[in-house]
Amino acid sequence: IILNRVMKVTMSTVSAAICVSHTCRDNFILRTKIMPSIVHVIPNAVDPSKFTPDPSKRDKERITVVVVSRLVYRKGVDLLVGIIPPICKAFPEIDFLIGGDGNKKLSLEEMVERERLQERVTFLGSVPHGSVRDVLVRGQVFLNCSLTESFCIAILEASCAGLFVVSTNVGGVPEVLPPDMIHLSEPNVASLVEGLSHAISKKISCVDPFSYHNRVKEIYSWERVALETISVYDTVLHKPRLTFLQRLARYKSVGRIAGHIAQLLAVTLHFVVILVEWLQPRDVIDVVPDVCFTFKQEENLQPPLLQ
């Protein structure tokens, strides 16, 4: 409740907001009571050159399910503990490759020892982001058990690396990939076991890793994300700035008590700024000019290569 109040106060004077999914947008609007017309959806993207498929890295005789995640409650590690034993029992050719660390790792290790699955489950520990691709290309299926997600960049990276994705149907996950590239399951053990079994027996045999890579490359582009973000910024720059009194009026609308507290803080900060400007006027401060270079000008400014 307190965090929602803080968000309402903070966002009451913004001219625009950007969310990574429509689910995230709906939740953001609900919590901040902001005008829906100024909330934009711009998804994350991935650098496809860093997640190129490499089927030669896969075990030709085994099927590997990859999990790369922080091993914490929110990432559904308790679900993973319940999924691995029945899948290993039903599919003798399946191995699990788990990358990541966290306070729930012990639960996974205890399950592996209890079920005697040391030969079937490999723990890699913490994986630097630069090495994630090398882990992903070793598998055929990527498993995401998250309980909450706004977007889930991990399943996008996995799909770009050529893996079929099985994920919980939570948050903005359904918006990330086309239906034929992902199997969505309810966030419970039975549904995830069913979904992963379906992927193993019917999906991975017809997956073309390079086709997956090219589709993700076409759908998600940082260039497009940058252009859409610039468009939002341009819209904001062309709007008139709120006056001090207008900002106070918006703070008051937050709530009977929180609104007056926000107004008091705003007035206090306003007079602090006036005092600081009186002690050190703006006209005696060196201001860095805005300089916009063209692409050719930037090239000319590059230092010469060492001979």
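The values are calculated or read from the model by the stated rules, or taken from the named source; none is laboratory data. Nothing here was measured: the structure is a model prediction, and the numbers come from that model. Because the Cβ atoms are built from the backbone with ideal geometry, glycine has one as well, and the counts that use them run over all protein chains shown. All accessible areas refer to the heavy atoms of the entire protein, side chains included, with ligands and DNA or RNA removed. Shrake-Rupley method; radii C 1.70, N 1.55, O 1.52, S 1.80 Å.
Here are some notes:
- Here the contact order of the chain, divided by its residue count and restricted to Cα pairs under 8 Å and six or more residues apart, works out to 20 percent.
- Kyte-Doolittle at least 0.0, axis length at least 18 Å by Cα - qualifying DSSP helices, the chain: 77-90, 222-237, 256-279
- Candidates Lys75, Lys217, Lys239, ranked by Gaussian network fluctuation over the chain, Cα under 10 Å, top entry: Lys239
- Answer label for log10 I(q)/I(0) by the Debye sum over Cα atoms at q = 0.07 Å⁻¹ (calculated), chosen among [x] -0.54; [y] -0.36; [z] -0.42: [z]
- For the range 175-191 and the range 15-91, distance of Cα centres in Å: 10
- About the centre of its Cα atoms, the range 67-136 shows a dipole size close to 260 debye [charges on the beta carbon of Lys, Arg (+1) and Asp, Glu (-1) only; nearest 20 debye].
- Cα gyration tensor shape of the range 143-300, rounded if a/c is under 1.5, else prolate or oblate by comparing a/b with b/c: oblate
- Solvent-accessible area per residue, Å², over the chain with all protein chains present [probe radius 1.4 Å]: 60
- In units of the compact-protein estimate 2.2 N^0.38 Å, the range 179-272 shows a Cα radius of gyration of 2.05.
- Most positive-pole-ward Cα, Pro86, Pro53, Val6, against dipole of the chain from beta carbon charges: Val6
- Dimensionless Rg over Rh [the range 83-197; C-alpha; Kirkwood]: 0.94
- Adding -39500 (n - 2.57) for every DSSP H run of four residues or longer, then dividing by how many residues the chain holds, sets the calculated 222 nm ellipticity at -13500 deg cm²/dmol.
- Set of aspartates and glutamates with alpha-carbon distance to Lys239 below 12 Å, sequence-local pairs under 8 removed: none
- Cβ-placed point charges (K, R +1; D, E -1), dipole of the chain about Cα centre in debye, nearest 20: 1040
- Rg of the Cα atoms in the range 110-173, relative to 2.2 N^0.38 Å, amounts to 1.25.
- Prolate/oblate/rounded call for the range 66-136, Cα gyration tensor, a/c under 1.5 rounded: oblate
- Note on Glu61 and Leu184: their simple-model spin labels are 4.0 nm apart, each label 7 Å out from Cα toward Cβ.
- Cα lying deepest toward the dipole's positive end in the chain, options Ile63, Gly259, Ser146, charges on Cβ: Gly259
- Residue of Leu269, Leu279, Leu80 that the Gaussian network model of the chain assigns the largest fluctuation, springs spanning Cα pairs under 10 Å: Leu279
- Net +/- balance of residues flanking Arg116 in space, Cβ distance below 15 Å, scoring K and R +1, D and E -1: -3
- Seen from a random direction on average, the alpha-carbon convex hull of the range 1-154 projects onto 11.5 square nanometres.
- Excluding same-chain neighbours fewer than eight residues apart, the aspartates and glutamates reachable from Lys57 by a Cα-Cα span under 18 Å are Glu93, Asp95, Asp134, Glu157, Asp208.
- Of the whole protein surface, Asp101 contributes about 80 Å² of accessible area at a 1.4 Å probe radius.
- Qualifying GluC sites (Glu not before Pro) for the range 91-146 [loop in DSSP, other Cβ within 10 Å: at most 15]: Glu93, Glu119
- For the range 1-81, projected area of the alpha-carbon convex hull averaged over all directions, nm²: 9.0
- 18 Å Cα-Cα reach of Lys203 towards lysines, excluding residues that sit fewer than 8 places from it in its own chain: Lys60
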